[in-house]
Amino acid sequence: MDTLSGTISRILFFNEYTNYTVFHLDTGKSNEVVTGAFPQLSEGEAVSVHGYFVDHKTYGRQFQAHSYEITVPTDEESLKKYLSSGLFKGVGPALADALVQHFGTDVLQVIKFNPQRLTTVPKIGAKTAENIQASYTEQEKSREVMMFLQKYGISTSLGLKIYKTYQDATIQIISQNPYRIIEDVSGVGFKTADKIALALGIDSFSSFRIRAGVNHVLSELYGNGDMYCEEELLLAKAAQMLDVDADLISDALAFLTKVGKIILCDMEGVNVYYPLALYTAEVYCAKEVARLSKNVYDLDNAFIQRIIDEYEHLYGITLHKSQRSAVCSCVVHGISIITGGPGTGKTTIIQCVLYILAKLGKNALLAAPTGRAAKRMSSTCGMEAKTIHRLLEYSFSAEDKMVFVRNEENPLEADCLIVDEASMIDITLLYYLLKALPSSMQLIFVGDIDQLPSVSPGNVLKDIIASDMVNVSKLDKIFRQSERSTIVLNAHHINMGRMPVIDNKSDDFFFMDAPLPARAAQTVLDLCTNRLTQYKNYDALQDIQVISPIKRGQTGVENLNVLLQEALNPPSPHKREKKLLHDILREGDKVMQIRNNYNALWTHIFTKQSGTGIFNGDIGIVEKIDPESKLISVLFEEERLVHYSFEDADQLMLSYAITTHKSQGSEFKAVIILVCEGYGQFLSRNLLYTALTRAKETAVLVGSRRIIEMMVKNNLAVRRKTALSERIKQEFVYG
């Protein structure tokens, strides 16, 4: 690692949100460009930076700083630059010059220890003197903290996040209990906090460490979608990770239970532990689902049948008896579920229910978990559908935590809420949704319980259905308009444990035999660059989506994205790039947002309206990479433009190929699905079924017939540890 020392001669760029900074450093021998995350610097400051020289494609030689030390300026010219840099409230170039002329090189000592003396300088009153000292003190404190954190291997960017959280108390808090930052600072995990703690000399048997370790193990287990963890499993995993006796883990569990951080429950004679938030959500959701299920509205059935007849005549369709029954049930029950595979008429039922509600003078709201699903719902239903987050009007608290404006005190205003793609809803989102429902509102969930469950904890749709306490319409008849679709027929074959028809005689479903991973990857390239684009004039970026069950390996999304990027969007002198940790982003690339960003600002390119929020799974195209402003512009869904700072670019990943889980809630004209050797635990029926049901017009399976057979036979989907179903039953009977 190299070190440069000198004086900051010019600040070229500073991002107040990420603290990414570019400045010129005068070393006395040369003037170097330095980049990195820093607290707000000022021209004239003396600084030592540690890092490496790199050759930037556009800007040439730069020094990438990983850590630094700052010393105060000592000569008069540097002091003038420092004082007039904007860090000192009310001090411009003229006043800075006057201060240095008056006090010389002692000016900073005067500001720090005798600020009242500043009033002897013309045009400086008591208030200005106070502001100048406050500015200097704030800068000094932040730098003291940063220097302290750097000693323990904390990067500048993370150090700044910690300082913004704890301010002047940072050193005291970190010295006493560095594990606090796990809960208080977003993006900090147990391993980071543990590294700091061990560097500080905190005992590995410290109760702080063991409690934090227990929470870490719990969070990893809940990351699999479980709501709770058995005591025996938790003790074993925590003891192994922390390398301590199980007795110490038991003590930590007792303490965390006593203070309410985790909840101990008896589950059929077995002790299990919930995180407080998940326990609260599950109990509340069970209570509200049971309450809604008891609401039945007294509507004349003959009247409803006449409205359905009217709807059929108006739109020239005839509802099947199962669809009629579903419609009638939905309009009279407080909570209803419509579930079924593709082509079973779920959308037709929603449209008819909306028609009846309008005839009854009732207002309805439409929602879905993802932006793509909401957009599709809007298109099919002819009225606006919102993401659940937008429906609940998410906002942020003073502590920068997400809150929903719509809640018990400010409920939604409508008579009925219809939520599509309900299999994707996790327990926490259901909790906030139910809190925003007025007592009289009807709730209709629409979804396919045979698809993959939510990424986050819970198995909401399946659990509610399993309770047998809610009105459920299960659709299994495929209607005439879908009978011509081999995609739909094969999806149902797979769901029933039968092999799909893969004779390549249809015009929408194909199988490409490529059992070896290398051959499969090459087949995918050929399909995207040649065969599918010629077959139906598909746009390789907008219309075709490659789906793989795995991330790594020759047929994993990481490798496929590299190959597809090279084939579909190769390097060009006319396309700018940005190197990320795992990807190279290039103008024209297809990318996906990989985590929810509720603060992201977007502008609708057609209406010019603006809003906030880009969500996990949203797909877009990189429109522009601007090295000067350090911004990456991405156009999502061909309509919403978002600008990312270079520091935030890790929220994006190439998405020529995506995992099956990431494809949930989306629909694409053409889908290429990898079914290759070596997939191990990913050989499950619901994974194949979910991937296939993403295809709207064309589906191509690439890989091995043997693997398809194995996936179809394997219906042993991992059972999530939840108790929602049982709690609903108990609430219905005893609540």
* Asked: Does residue 300 count as over 17 Å from residue 356 (Cα atoms) and among the acidic types (Asp, Glu)?
  -> no
* Hey, which of the helices (runs of 4 or more DSSP H) in segment 632-735, taking only ones fully inside, have at least 3 residues that are aliphatic (A, V, I, L, M) and touching a Leu at 6+ places or on another chain (Cβ under 8 Å)? -> 705-713
* Structure fact -> Those residues of segment 435-477 that are outside any strand (DSSP E or B), open to solvent by 10 Å² or more (accessible area, probe 1.4 Å) and among the small types (Gly, Ala, Ser) come to a total of 4
* **Flag if residue 143 is touching a strand residue (DSSP E or B) at 6+ places or on another chain (Cβ under 7 Å) and among the basic types (Lys, Arg)** => yes
* To do: Considering only residues that are polar (S, T, N, Q) and more than 42 Å from the chain's Cα centre (by Cα), look in segment 120-132 and name the one that is farthest from residue 167 (Cα to Cα).
  => 120
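State whether the residues of segment 87-94 include one that is touching a residue at least 40 places away in the same chain (Cβ under 8 Å) and surrounded by fewer than 18 Cβ atoms within 10 Å (Cβ to Cβ). Reasoning before the result, please.
The first filter runs over segment 87-94 and keeps only residues touching a residue at least 40 places away in the same chain (Cβ under 8 Å), leaving 87-91.
From what's left, surrounded by fewer than 18 Cβ atoms within 10 Å (Cβ to Cβ): 89-90.
Yes - at least one qualifying residue is present in segment 87-94.
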* Could you tell me whether segment 284-300 includes any residue that is farther than 28 Å from residue 725 by Cα and either at pLDDT below 95 or not in a helix (DSSP H, G or I) (or both)? => yes
* Looking at (1) open to solvent by less than 30 Å² (accessible area, probe 1.4 Å); (2) out of contact with any helix residue (DSSP H, G or I) (no Cβ under 8 Å at 6 or more places or on another chain); (3) in a strand (DSSP E or B); (4) not acidic (Asp, Glu), can you tell me which one residue 24 breaks? -> (1)
* **Any chance residue 733 is more than 29 Å from residue 233 (Cβ to Cβ), at pLDDT below 95, more than 29 Å from the chain's Cα centre (by Cα) and surrounded by fewer than 18 Cβ atoms within 10 Å (Cβ to Cβ)** => yes
* Asked: How many of the residues making up segment 214-250 are touching a Phe, Trp or Tyr at 6+ places or on another chain (Cβ under 6 Å), of a type outside the set (A, V, I, L, M, F, W, C) and modelled with pLDDT of 90 or more?
  -> 1
* **Top-ranked residue in segment 281-303 [being closer than 20 Å to residue 468 by Cα and aromatic (Phe, Trp, Tyr); ranked as least open to solvent (accessible area, probe 1.4 Å)]** => 284
* To do: Tell me which residues, restricted to segment 66-79, are in contact with a Leu (Cβ under 8 Å, 6 or more places away or on another chain) and either under 19 Å from residue 3 (Cα atoms) or modelled with pLDDT of 85 or more (or both).
  => 70, 72, 73
* Asked: residue 315: open to solvent by 30 Å² or more (accessible area, probe 1.4 Å), under 27 Å from residue 424 (Cβ atoms) and among the hydroxyl-bearing types (Ser, Thr, Tyr), yes or no?
  -> no
* To do: Select from segment 215-260 the residues that are farther than 24 Å from residue 181 by Cα and acidic (Asp, Glu) and write down the one among them that is surrounded by the most Cβ atoms within 10 Å (Cβ to Cβ).
  => 226
* Subset of segment 99-109 that is buried (at least 16 other Cβ atoms within 10 Å of the Cβ) and within 15 Å of residue 82 (Cα to Cα) - its residue that is modelled with the lowest pLDDT -> 108
* Do we have any residue at all in segment 565-585 that's modelled with pLDDT under 95, in a loop (DSSP other than H, G, I, E, B) and either among the acidic types (Asp, Glu) or within 30 Å of residue 725 (Cβ to Cβ) (or both)? -> yes
* Structure fact -> Result of the Cβ filter at 6 Å on segment 58-77, keeping first residues that are free of Cβ contacts under 8 Å to residues at least 40 places away in the same chain and partners that are surrounded by 12 or more Cβ atoms within 10 Å (Cβ to Cβ) and not in a strand (DSSP E or B), at least 6 apart or interchain, is 72/108; 76/100
* Asked: Can you pull out the residues in segment 349-377 that are assigned to a helix (DSSP H, G or I), in contact (Cβ under 8 Å) with a residue 12 or more places away in the chain and open to solvent by 30 Å² or more (accessible area, probe 1.4 Å)?
  -> 351, 355, 359, 372, 375, 376
* Confirm whether residue 423 is crowded, with 20+ Cβ neighbours inside 10 Å, among the hydroxyl-bearing types (Ser, Thr, Tyr) and in a strand (DSSP E or B). => no
* Verdict on residue 683 being hydrophobic (A, V, I, L, M, F, W, C), exposed (fewer than 15 other Cβ atoms within 10 Å of the Cβ) and modelled with pLDDT under 95 -> no
* Of all residues in segment 124-140 being assigned to a helix (DSSP H, G or I), more than 21 Å from residue 168 (Cβ to Cβ) and not β-branched (Val, Ile, Thr), the one that is most open to solvent (accessible area, probe 1.4 Å) -> 127
* Structure fact -> Only unsatisfied item for residue 56, checking (1) over 23 Å from residue 164 (Cβ atoms); (2) open to solvent by less than 10 Å² (accessible area, probe 1.4 Å), is (2)
* Structure fact -> If you go through 579, 551, 608, 575, the only one that is surrounded by fewer than 18 Cβ atoms within 10 Å (Cβ to Cβ) and in contact with a strand residue (DSSP E or B) (Cβ under 6 Å, 6 or more places away or on another chain) is 575
* Can we say residue 544 is open to solvent by less than 30 Å² (accessible area, probe 1.4 Å), of a type in the set (Val, Ile, Thr), under 22 Å from residue 695 (Cβ atoms) and touching a strand residue (DSSP E or B) at 6+ places or on another chain (Cβ under 6 Å)? -> yes
* Going by the conditions given, is residue 149 buried (at least 19 other Cβ atoms within 10 Å of the Cβ), within 30 Å of residue 50 (Cα to Cα) and free of Cβ contacts under 8 Å to residues at least 60 places away in the same chain? -> yes
* Here is a list of conditions, (1) without any contact (Cβ under 8 Å) to a residue 60 or more places away in the chain; (2) surrounded by fewer than 19 Cβ atoms within 10 Å (Cβ to Cβ); (3) more than 30 Å from residue 503 (Cβ to Cβ), and residue 569 meets all of them except one; can you say which number that is? -> (2)
* Asked: Any idea how many residues of segment 105-123 are part of a helix (DSSP H, G or I) and either in contact with a Leu (Cβ under 9 Å, 6 or more places away or on another chain) or of a type in the set (S, T, N, Q) (or both)?
  -> 10
* To do: Scan segment 589-630 residue by residue and report those that are at pLDDT below 90 and closer than 21 Å to residue 571 by Cβ.
  => 626, 627, 628, 630
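The values are calculated or read from the model by the stated rules, or taken from the named source; none is laboratory data. Computed from a predicted structure; not experimentally measured. All Cβ positions, glycine included, derive from the backbone under ideal geometry; neighbour counts span all protein chains shown. Protein only, heavy atoms only, side chains kept; ligands, DNA and RNA dropped before computing areas. Shrake-Rupley method; radii C 1.70, N 1.55, O 1.52, S 1.80 Å.
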